[in-house]
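Each remark here refers to the structure printed beneath this line.
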Amino acid sequence: DSAFLGLLLDGFPVYGPVENGVTLTNDDLDDYHGHTHSKVDFPEEIYHYHITAELPWINGGEFYGNAGTVTK
């Protein structure tokens with residue numbers, strides 16, 4: 001499986017394109033480029049994003065949750 005890459009501005013995790021040995025495509029994900037189930041890092045089900053080789057690659061500018069802000 002792909003490694004945990006970080007968090008998007010809404011606080012949900014993002015992973016690479018491989019899950020359970022399968023390379024994910026847009027058809028495997030919702031409109032925000034994610035889905036909900038457990039991960040090794042999050043044993044209880046959690047919404048998470050995946051990057052893919054297809055546009056929009058990550059989330060297409062929309063978030064599943066409410067985007068926060070980042071400061072220095």
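Across segment 1-35, the number of residues qualifying as farther than 12 Å from Ile58 by Cα and of a type in the set (Val, Ile, Thr) comes to 3.
Residues that are surrounded by 11 or more Cβ atoms within 10 Å (Cβ to Cβ) and either touching a helix residue (DSSP H, G or I) at 6+ places or on another chain (Cβ under 8 Å) or on the phi > 0 side of the Ramachandran plot (or both) within segment 57-72 comprise Trp57, Gly60, listed in sequence order.
Here Glu54 meets the list (1) in a strand (DSSP E or B); (2) surrounded by 13 or more Cβ atoms within 10 Å (Cβ to Cβ) almost entirely, failing just condition (1). Taken over segment 1-45, the residue count meeting the criterion of being surrounded by 15 or more Cβ atoms within 10 Å (Cβ to Cβ), in a loop (DSSP other than H, G, I, E, B) and not charged (D, E, K, R) is 8. Right, Leu7: of a type in the set (A, V, I, L, M) and closer than 17 Å to Ala67 by Cβ or not? Answer is yes for this residue.
The residue pairs whose first member lies in segment 29-42 and is of a type in the set (Gly, Ala, Ser), whose second member is modelled with pLDDT of 95 or more and assigned to a strand (DSSP E or B), and whose beta carbons are closer than 6 Å, counting only pairs six or more residues apart or on different chains, are Gly34/Tyr47; Gly34/His48; Gly34/Tyr49.
The values are calculated or read from the model by the stated rules, or taken from the named source; none is laboratory data. Note that the coordinates shown come from a computational prediction; the quantities given were computed from them, not determined experimentally. Glycine also receives a Cβ, built like all others from the backbone with ideal geometry; neighbour counts cover every protein chain displayed.
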